[in-house]
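Participant: Supplied in structure tokens, the structure appears directly below.
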Amino acid sequence: MDDLALFSTTGLLFILRWFHFFFGVIWIGLLYYFNFVQGAFFAETDANTKSNATQKLVPRALWWFRWGAMFTFLTGWFTIFIEMNQTPGILMSSWGVLILIGAMLGTLMWANVWFVIWPNQKIVIQNALQMATGGQAIPGAADRGARATVASRTNVLFSIPLLFFMGAAKHLPIIMSPDAKPHMPLGIILIILLVLEANALKGKTGPMTTIKGVIHCGFALALVFYAIVEAVL
């Protein structure tokens, strides 16, 4: 048993990455479903169909969505902590800078799911249930739905550079100058992310209103972040 590669620290890291990919596919897949498929369908369908879907389909999808996010978040950070313990100073390497950019994006996305999208969607679902049974509409339910939409579009925006930097950490190493300060690109990118997150909490979709718009913005954001890393390191 001791000779099996799976029963080693390397094996543990592999298992964590495997589950990270598994739960990440669930999470990001449903994120794209909500934004690219369900949103357009709800905009075109009749009120009765939308109400039924909100009561019966959306809660099921959101269950997988939020727990996919939770376990992607946990397995990702566990992997980083193990790498840190195995290789002291690794966070100051090219891998460390790139993976931390991905981790910052993923952490904000996870927070949006659990503290913005899900709480607001619970009100939207409850509102649909009450109205379907002859009850009164919940005041502000539409505004809650709109806020969830902005946070969800922000997560789509973040997901594109997230996938870029998660892949780049292993497959696109950055050549760092001897006097490079790895914390500098992380600080600059964190400030940009906090501004964008502030919009997710209080602002509007803006150029992310359309599917094409949010995809274009996501790729542009990935290129801007990559340019910052290359320029500073």
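What follows draws every value from the coordinates through simple rules; no lab data is involved. Given the structure is predicted, the values throughout are model-derived calculations rather than measurements. Methodologically, a virtual Cβ is constructed for each residue, glycine included, from the backbone with ideal geometry; neighbour enumeration extends over all protein chains shown.
Participant: Name the single residue that is surrounded by the most Cβ atoms within 10 Å (Cβ to Cβ) among those in segment 83-110 being farther than 19 Å from HIS171 by Cβ and free of Cβ contacts under 8 Å to residues at least 24 places away in the same chain.
Facilitator: Only one residue tops the list, namely MET84.
Participant: Is it true that some residue in segment 62-80 is surrounded by fewer than 19 Cβ atoms within 10 Å (Cβ to Cβ) and of a type in the set (S, T, N, Q)?
Facilitator: no
Participant: Please pick out the residue among LEU12, LEU6, LEU31 that is assigned to a helix (DSSP H, G or I), touching a Leu at 6+ places or on another chain (Cβ under 9 Å) and aliphatic (A, V, I, L, M).
Facilitator: Result of the check over LEU12, LEU6, LEU31: LEU12.
Participant: Okay, next question. Would a scan of segment 66-77 turn up a residue that is touching a residue at least 60 places away in the same chain (Cβ under 8 Å) and aliphatic (A, V, I, L, M)?
Facilitator: no
Results for (1) touching a Pro at 6+ places or on another chain (Cβ under 8 Å); (2) closer than 16 Å to GLY106 by Cβ; (3) among the aromatic types (Phe, Trp, Tyr); (4) buried (at least 19 other Cβ atoms within 10 Å of the Cβ), shown as yes or no for each residue.
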site	(1), (2), (3), (4)
THR149	no, no, no, yes
GLY167	no, yes, no, no
GLY218	yes, yes, no, yes
ALA227	no, no, no, no
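Participant: Taking PHE21, is it surrounded by fewer than 16 Cβ atoms within 10 Å (Cβ to Cβ), over 30 Å from LEU100 (Cβ atoms) and aromatic (Phe, Trp, Tyr)?
Facilitator: Answer is no for this residue.
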